[in-house]
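Asks: Structure below; questions to follow.
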Amino acid sequence: MRAVRTSLLAMLAGVALPAAAEAGITFCNRTQHPVFAAVAYQEGDGSWTSTGWLEVEPAGCDVYSLPRTVDFFYYRGETDWYELGNGRKQMVAWGANGNDFPVVDDDFTFHHAERAHAEARFEPFSPSFRSSSGPLSETVTFNPDDTTTQRLDN
C-alpha cells in the first residue's frame, strides 16, 4: 500500500545535510518495522504545506531537507499494518499535541494544508522545536515504546 510513498521524498533524502546551520530534519527509527515520516511547514505567505512519505528503515536514519526559511515544523510517523500473531495486526502512529494536516497513503504534497483536500484525511502531527536563531535542524527518533525523542541539532 505504501510502496510508492518513497518516490517524492527519496530524492530529497539523498541530499546529505551539509552542516548544522543548514535547515533539515533527520528521522531515525529504533523500531522493528519501517516508519513512514511526513512533515508540515509554513510557507512564506503564511499557508501550510504537508508532504510525505519518507521511509525510514529499522535501525536507520534518513534526512529530509527543509526550506532554509523554516524555523518550525510538524511531523508524523506511521508504520504499515503488521502481524502480531494469533491473527492480530497492529499499526503504530506518532503525532499528537500539534495540528492536524492532510495525508494520504501514497506520496503526497498538499499546499494550503490548513484546508480540506478531497482525497485526504486529516491526521495529528507533533510540533518540532522552534528555532530563534535561524534555520532549524532537528533529529526526531521514533522509539519502540511508541514515543518520539527530539534533539535540536543547531
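Asks: Limiting things to C-alpha atoms, what are the Rg and the maximum Cα-Cα separation (Dmax) for region 109-154, in angstroms?
Replies: When restricted to the Cα atoms of region 109-154, Rg and Dmax are 14.3, 38 Å.
Asks: Next up: What list of ³J(HN,Hα) values in whole Hz, one per residue of region 117-131 in order, does the Karplus curve 6.51 cos²θ - 1.76 cosθ + 1.60 (θ = phi - 60°) give from phi, with Gly and Pro shown as x?
Replies: Those phi angles translate into 10, 3, 8, 10, 10, 8, 10, x, 10, 9, x, 7, 5, 10, 8 Hz.
Asks: Could I ask something else about it? Taking the mean number of other Cβ atoms within 10 Å as a proxy for protection, how do you rank 30-42, 117-129, 80-92, 142-154 from highest to lowest? Don't skip to the end; give the middle numbers.
Replies: Numbers: 30-42: 21.2, 117-129: 15.6, 80-92: 9.9, 142-154: 13.5.
Ranking the peptides 30-42, 117-129, 80-92, 142-154 by packing returns 30-42, 117-129, 142-154, 80-92.
Asks: Pulled fully out, how much extra length does the chain show between Cys61 and Ser131, if you take 0.36 nm times their separation in residues and subtract their Cα-Cα distance? Before the final figure, lay out each step's value.
Replies: Details: separation 70, 0.36 × 70 = 25.20 nm, distance 2.19 nm.
Between Cys61 and Ser131, full extension yields an extra 23.0 nm.
Asks: So, one more: By how many nm would the segment from Ala96 to Phe72 lengthen if fully extended, with 0.36 nm per residue of separation less the alpha-carbon distance?
Replies: On the way: separation 24, 0.36 × 24 = 8.64 nm, distance 1.55 nm.
Length gained between Ala96 and Phe72: 7.1 nm.
Asks: From the gyration tensor of the Cα coordinates in region 6-152, what semi-axes in whole Å does the equivalent ellipsoid have, largest first, with each one equal to sqrt(5λ)? Before the final figure, lay out each step's value.
Replies: Details: eigenvalues 115, 69, 36 Å².
Whole-Å semi-axes of the equivalent ellipsoid: 24, 19, 13.
Asks: Between Trp81 and Arg115, what's the calculated FRET efficiency when r is the beta-carbon distance and R0 is 30 Å? Round to 0.05. Can you show the working numbers first?
Replies: Numbers: r = 29 Å, r/R0 = 0.96.
With a Förster radius of 30 Å, E is 0.55.
Read the figures in this text as sums done on the coordinates, not as results from a lab. Because the structure is predicted, anything quoted here is derived from the model rather than measured. Positions of Cβ are generated from backbone atoms using ideal geometry, with glycine treated the same way; all protein chains shown enter the neighbour counts.
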